[in-house]
Amino acid sequence: MSHLLHRNLRRTPPVAVSASGITLRDQQGRSYLDASGGAAVSSLGHGHPDVLAAMHAQIDQLAYAHTSFFTCKAAEELAQRLAGDAPGDLDHVYLVSGGSEAMEAALKLGRQYYVEAGQQTRSLLIARRQSYHGNTLGALAIGGNAWRRRPFEPLLMDVPRVAPCFEYRERLEGQTSSDYTAALLAELEQCILAHGPQNLIGFVAETMVGATAGAVPPTFGYFRGVRKLCDQYGILLILDEVMCGMGRTGTLYAFEQEGVLPDLVVLGKGLGAGYQPIGAVLARAHIAQRLRDGSGAFQHGHTYMGHPVAAAAALAVQKVIQRDNLLGAVATRGATLRRLLRQAFGDHPHVGDIRGRGLLMALELVQERSSKTPFDPALALHALVKDAAMACGLLVYPMGGTIDGQHGDHILLAPPFIVTDSELADITERLGDALKAAL
Ligand code: PLP
């Protein structure tokens, strides 16, 4: 019996013992191609020498200093780099230990931003029905994943919700993409008006939906329209880039491809690329300025925030991405992955959609393609595919999502940015074997 409270209490997973490049190995001597970077985390693969060296150097010098007494060089440098690389005036950085913590911090920053201006009535955040923003109570309340929320509903704050931007499942027969987008924006505007802008903090969304529906990009103009509404009604735009940020879609931030500047950006996963637990909130100048001019402090904090070793690891990750032009690599290898997936599964009877951007791609599995009929949720097909893939020495990140009562199984692929073309071909072949075994 394991004393660890594992995710699954009935089944202990294999023991991982080592990893390098895009391969992980377990205690039984089996190896696995990491086609999902864990859960879209390991953007540099495993054992990157530059990141390890930076962490070792930092540990030798200063492993920890509490942020109520000190700042440290690594955290200052990381913040300077993130602020310098981010577009516009997203030039303040709050460092925490992961994506959920970063979402909590963003929600509280948003609330305090209005409290500092005497606008106490502002307490609501509008979110989307299909979304995942983390598992802590605030983040879980914002998220729309019914399965994750169900046992904890009584503990969660009320969150007004609008439709997600999910063309494959939600655009009506005969509706153009721009009409669909306009309808979504009209629904958001109605929601803002129904609750009253004076009661709202902001609108929260993943720029590209990650785990709940699998690599769903927004329609053209959707986020421009959202930004316009947020400006028109004076509410904040908070974008969750925990999964799609830090280069995963081919630009440092996915919102850069949408031509918008959010007020707050939530980061995790690829920021530390799995080398250390780290998350962050990027805030625009007007947010930091109001707090500075008001109470003078953000009323929040965690013991491990701004951790020197985590900051050093994240800084090294960002340096490698820039030095090795890995954003360019994401674009070209992403195009290769898309082509391989289309060749292998474009006509597959149970692959309804192949979607994504850069190296964040997904297959949606359906029972019947033309009607997009999903598989029976009781089958938990996504879990079967995951097991079959592991048996083929492949790690993919599968999920069964629920949207407006509709279930869909999808398989997320998010390989490290250093993946080679031949590894992508190997991944595609093994995925084909796994689907054969599971379907
Ligand atoms: N937001 C998004 C979009 C995510 O995908 C995740 C994790 O999967 C989170 C937030 C929560 O991050 P963490 O698991 O680091 O708390």
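The values are calculated or read from the model by the stated rules, or taken from the named source; none is laboratory data. All values derive from a computational prediction rather than experimental measurement. Backbone-built Cβ (ideal geometry, glycine too); neighbour counts: all protein chains shown.
Structure values in brief
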item	result
Subset of the range 68-114 (residues that are within 18 Å of residue 263 (Cβ to Cβ), within 16 Å of the ligand (Cβ to nearest atom) and touching a Ser or Thr at 6+ places or on another chain (Cβ under 9 Å))	103, 104
Selection count, the range 224-247, where residues are within 26 Å of residue 146 (Cβ to Cβ) and within 15 Å of the ligand (Cβ to nearest atom)	8
Residue list for the range 7-65, filter: at positive phi and in contact (Cβ under 8 Å) with a residue 60 or more places away in the chain	21, 37, 38, 40, 45
Qualifying residue in the range 270-289 (condition: farther than 17 Å from residue 78 by Cα, surrounded by fewer than 16 Cβ atoms within 10 Å (Cβ to Cβ), touching a residue at least 24 places away in the same chain (Cβ under 8 Å) and not assigned by TED's automatic domain parsing to the domain that holds residue 421)	yes
Residue satisfying all of: in the range 43-62; more than 21 Å from residue 16 (Cα to Cα) and of a type outside the set (A, V, I, L, M, F, W, C); surrounded by the fewest Cβ atoms within 10 Å (Cβ to Cβ) among these	60
Whichever residue in the range 205-223 is of a type in the set (S, T, N, Q) and touching a helix residue (DSSP H, G or I) at 6+ places or on another chain (Cβ under 7 Å) and, among such residues, is farthest from the ligand (Cβ to nearest atom)	219
Exclusive hit being surrounded by 15 or more Cβ atoms within 10 Å (Cβ to Cβ), within 25 Å of residue 256 (Cα to Cα), touching a helix residue (DSSP H, G or I) at 6+ places or on another chain (Cβ under 9 Å) and free of Cβ contacts under 8 Å to residues at least 60 places away in the same chain, set 140, 185, 125	185
Test: residue in the range 412-430 that is assigned to a helix (DSSP H, G or I), among the acidic types (Asp, Glu) and either touching a Lys or Arg at 6+ places or on another chain (Cβ under 8 Å) or under 25 Å from residue 130 (Cβ atoms) (or both)	yes
Unique residue being in a helix (DSSP H, G or I), of a type in the set (Val, Ile, Thr) and modelled with pLDDT of 95 or more when the list is 51, 93	51
Answer from 214, 174, 225 - the residue that is farther than 26 Å from residue 251 by Cβ, small (Gly, Ala, Ser) and not in a strand (DSSP E or B)	174
Conditions (1) more than 17 Å from residue 264 (Cα to Cα); (2) in contact with a strand residue (DSSP E or B) (Cβ under 8 Å, 6 or more places away or on another chain); (3) not small (Gly, Ala, Ser): number failed by residue 126	(1)
Any hit, the range 235-256, residues being in a helix (DSSP H, G or I), without any contact (Cβ under 8 Å) to a residue 12 or more places away in the chain, of a type outside the set (A, V, I, L, M) and at negative phi	no
Odd one out for residue 132, checked against (1) under 16 Å from residue 266 (Cβ atoms); (2) free of Cβ contacts under 8 Å to residues at least 40 places away in the same chain; (3) out of contact with any Pro (no Cβ under 9 Å at 6 or more places or on another chain)	(2)
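One line per residue, one yes/no per condition, for (1) in contact (Cβ under 8 Å) with a residue 24 or more places away in the chain; (2) more than 25 Å from the chain's Cα centre (by Cα):
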{"residue": "292", "(1), (2)": "no, yes"}
{"residue": "296", "(1), (2)": "no, yes"}
{"residue": "302", "(1), (2)": "yes, no"}
{"residue": "342", "(1), (2)": "no, no"}
{"residue": "349", "(1), (2)": "no, yes"}
{"residue": "368", "(1), (2)": "no, yes"}
